[in-house]
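Beneath this line is the structure, given in structure tokens, with notes to follow.
Nothing in this text is a laboratory measurement; each read-out follows from the coordinates by a stated rule. Nothing here was measured: the structure is a model prediction, and the numbers come from that model. With ideal geometry, Cβ positions are generated from the backbone for all residues, glycine too; neighbour counts draw on all protein chains shown.
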Amino acid sequence: MSDLKNLMISVSGVRGIVGDGLTPEVAMKFAQAYGSEMGPGTIVVGRDSRATGEMIKYAVCAGLMSVGCNVVDLGICSTPTTELVTEKPEHAGGIIITASHNPREWNALKLLAANGLFLTAEAGDKILRRVNNNDFNFAAWDKMGKVNQYDAAVPEHIAKILDLPLIDAQLIRGKKFKIVVDSCNGAGGTVVPQLLAELGCEVVHLNPEPNGFFPRNPEPIPANLGELSAAVKQNGADLGVAVDPDVDRLALVSEKGEPLGEEYTLACVTRYILTKTPGDVVVNASTSRMVDDAAGDAGVKVYRSKVGEINVAVMAQEIDAVICGEGNGGVMYPAIHIGRDAPVGIALVLQYMAESGAAISELYGQIPHYVMIKDKIELPFDADAKGVVKQLETMHAGENLDLIDGLKVLYDNSWVHIRASNTEPIIRVIAESPAQAETEALVEQFKTKVREITG
Ligand code: MG
């Protein structure tokens, strides 16, 4: 298809810069393909707060209506909230218009299955084939779909969280926590403060307007959380929480104003869940071993999947995990649904604090910590990145390896994970050990090996 330029297309959807690649035509084609494959039926559409979201939404709705699908329009809504509406039996699928943590000029379509999980690679592939072949089931003039607004999605999401057996809202309310929220002018501007109000918290809200004008890089990593850290200290708050624009990633700041790092979010929640309901855990291959420590203390097993939310979700269903997720702040709690959900993460962290009576810095201080470095090597344009990883695997044959996703070499106290990008000539190198110098040395050692192979 000649008009698919400057776009990142994958089985999970399409992503690009609006005005330079991502056009209404592209969004409509994907919606036509998606509706032809999933329909006829009713498709849920939610979007984050980006300035381009409304325009893309109309293109998506037109595409869905043209193939006879009805649309449930949630308006500005988080990814987990949209997933929860999608999984209702009366809905045939869902589309989320969000570029997640990408800068504000980006937008994307994330495609969901009827069960509210992301599409599997096979299902996504069928939709891509329809896009490439212009293979759409256009409906006759009198069979067009209709659009209905739906306003109850956020209150339903919050009610589901409060109904979780482990959440004791009365107990949390009694603590009168003071929380600083930074929703970065994203979709979290509604669901997060409303949840905290239900939990009796006093909320100081930074960047509250869901208008898509992100005042900082929206990825919730420590380097971007300076304003939140300062506000936590200044307000004498118990906790700071940062969410990304579509509210599926959560990062915590301690009452001392210290960003605890996004890897800590899932580790913290996992430790709490396993003390209450011990069971097996699924995380992706690059997630911190803080999760393994929590599982070890509880006497349960950690399974590791390929990187990518759907890979974690499918494995979690297979082994019936009690908690799962991705180390980048993506808490997935199967008791509500198997999707990354920052509001669920916030409620579980508050429950942990309320039940233990400990400050978040104390909970953080109770466990061993590691230094993780995420680096990458850019290869020449025509390089065979997967071939390089294979050669590294041969060099390390006989060592303790995990080959679920590229090459992961496991040592007593550390690991290094080498993975080829699917879309670019890049090799990602991620390492973790108890100390900065040791992690840096591991990364350098493997980058040198890659350079030797590629000459
Ligand atoms: Mg996101």
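Considering only residues that are more than 16 Å from the ligand (Cβ to nearest atom), under 18 Å from the mean Cα position of the chain (by Cα) and of a type outside the set (A, V, I, L, M, F, W, C), look in segment 264-281 and name the one that is surrounded by the most Cβ atoms within 10 Å (Cβ to Cβ).
First, the residues of segment 264-281 that are more than 16 Å from the ligand (Cβ to nearest atom): 264, 267-281.
Pick out the ones that are also under 18 Å from the mean Cα position of the chain (by Cα) and you get 264, 267-270, 281.
Cutting the leftovers down to of a type outside the set (A, V, I, L, M, F, W, C) gives us 264, 270.
Working: Tyr264: 22, Thr270: 29.
Looking at the filtered set, the residue picked out is Thr270.
Can you name the residue in segment 48-58 that is surrounded by fewer than 21 Cβ atoms within 10 Å (Cβ to Cβ) and assigned to a helix (DSSP H, G or I) and is also farthest from the ligand (Cβ to nearest atom) among such residues? Lay out the reasoning, then the answer.
Start the filter on segment 48-58 by keeping residues that are surrounded by fewer than 21 Cβ atoms within 10 Å (Cβ to Cβ), which leaves 51, 54-55, 58.
From what is left, the residues that are assigned to a helix (DSSP H, G or I) are 54-55, 58.
On the way: Glu54: 19, Met55: 20, Tyr58: 23 Å.
It comes out as Tyr58.
Within 16 Å of the ligand (Cβ to nearest atom) and in contact with a Pro (Cβ under 8 Å, 6 or more places away or on another chain): does that describe Val247?
Taking the combined requirement at face value, the residue satisfies it.
Which of the residues belonging to segment 328-369 are away from the ligand (no atom under 14 Å from the Cβ) and in a loop (DSSP other than H, G, I, E, B)?
Of everything in segment 328-369, those that are away from the ligand (no atom under 14 Å from the Cβ) and in a loop (DSSP other than H, G, I, E, B) turn out to be Pro334, Ala335, Ile336, Gly357, Ala358, Ala359, Gln366, Ile367, Pro368, His369.
Test Val45 against the criterion of being buried (at least 22 other Cβ atoms within 10 Å of the Cβ), assigned to a strand (DSSP E or B) and not charged (D, E, K, R), and give yes or no. Full working, then the answer.
Numbers: buried (at least 22 other Cβ atoms within 10 Å of the Cβ): yes; assigned to a strand (DSSP E or B): yes; not charged (D, E, K, R): yes.
In short, yes.
Output the residues belonging to segment 251-305 that are touching a Pro at 6+ places or on another chain (Cβ under 7 Å) and of a type in the set (A, V, I, L, M, F, W, C).
Matches in segment 251-305: Ala251, Val253, Ala298, Val300.
Looking for something within 22 Å of Glu355 (Cα to Cα), within 16 Å of the ligand (Cβ to nearest atom) and not basic (Lys, Arg) - is there at least one such residue anywhere in segment 230-239?
No.
Please go through segment 391-420 and give me each residue that is surrounded by 15 or more Cβ atoms within 10 Å (Cβ to Cβ), within 30 Å of Val14 (Cα to Cα) and of a type outside the set (Val, Ile, Thr), ordered by number.
Asp405, Gly406, Leu407, Lys408, His417, Arg419, Ala420
Name the pairs whose Cβ atoms lie under 9 Å apart, with the first residue in segment 231-247 and on the phi < 0 side of the Ramachandran plot, the second among the aromatic types (Phe, Trp, Tyr) and away from the ligand (no atom under 16 Å from the Cβ), and 6 or more positions between them or separate chains?
Pairs that qualify, where the first residue is on the phi < 0 side of the Ramachandran plot and the partner is among the aromatic types (Phe, Trp, Tyr) and away from the ligand (no atom under 16 Å from the Cβ), are Ala237/Phe177; Asp238/Phe177; Leu239/Phe177.
For the list (1) more than 16 Å from the ligand (Cβ to nearest atom); (2) assigned to a helix (DSSP H, G or I), I need the number of the one condition that Gly75 fails.
So the condition that Gly75 fails would be (2).
Restricting attention to segment 158-198, which residues are under 22 Å from Asp246 (Cβ atoms) and among the charged types (D, E, K, R)?
Of everything in segment 158-198, those that are under 22 Å from Asp246 (Cβ atoms) and among the charged types (D, E, K, R) turn out to be Lys160, Asp182, Glu198.
Okay, residues lined up against (1) in a loop (DSSP other than H, G, I, E, B); (2) under 21 Å from Phe30 (Cα atoms); (3) of a type in the set (Val, Ile, Thr):
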| position | (1), (2), (3) |
| --- | --- |
| Pro103 | yes, no, no |
| Ala108 | no, yes, no |
| Phe138 | yes, yes, no |
| Asp142 | no, no, no |
| Gly145 | yes, yes, no |
| Lys160 | no, no, no |
| Ile167 | yes, no, yes |
| Gly174 | no, no, no |
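From the list Ala354, Ala285, Ala316, which one is farther than 30 Å from Ala123 by Cβ and either more than 18 Å from the chain's Cα centre (by Cα) or among the aliphatic types (A, V, I, L, M) (or both)? Steps first, please.
Working: Ala285 fails: farther than 30 Å from Ala123 by Cβ; Ala316 fails: farther than 30 Å from Ala123 by Cβ.
Among Ala354, Ala285, Ala316, only Ala354 is farther than 30 Å from Ala123 by Cβ and either more than 18 Å from the chain's Cα centre (by Cα) or among the aliphatic types (A, V, I, L, M) (or both).
Which ones in segment 176-200 are among the small types (Gly, Ala, Ser) and in a helix (DSSP H, G or I)?
Going through segment 176-200, the residues among the small types (Gly, Ala, Ser) turn out to be 183, 186-189, 197, 200.
If the condition is that a residue be among the small types (Gly, Ala, Ser) and in a helix (DSSP H, G or I), then Gly188, Gly189, Ala197 are the ones that fit.
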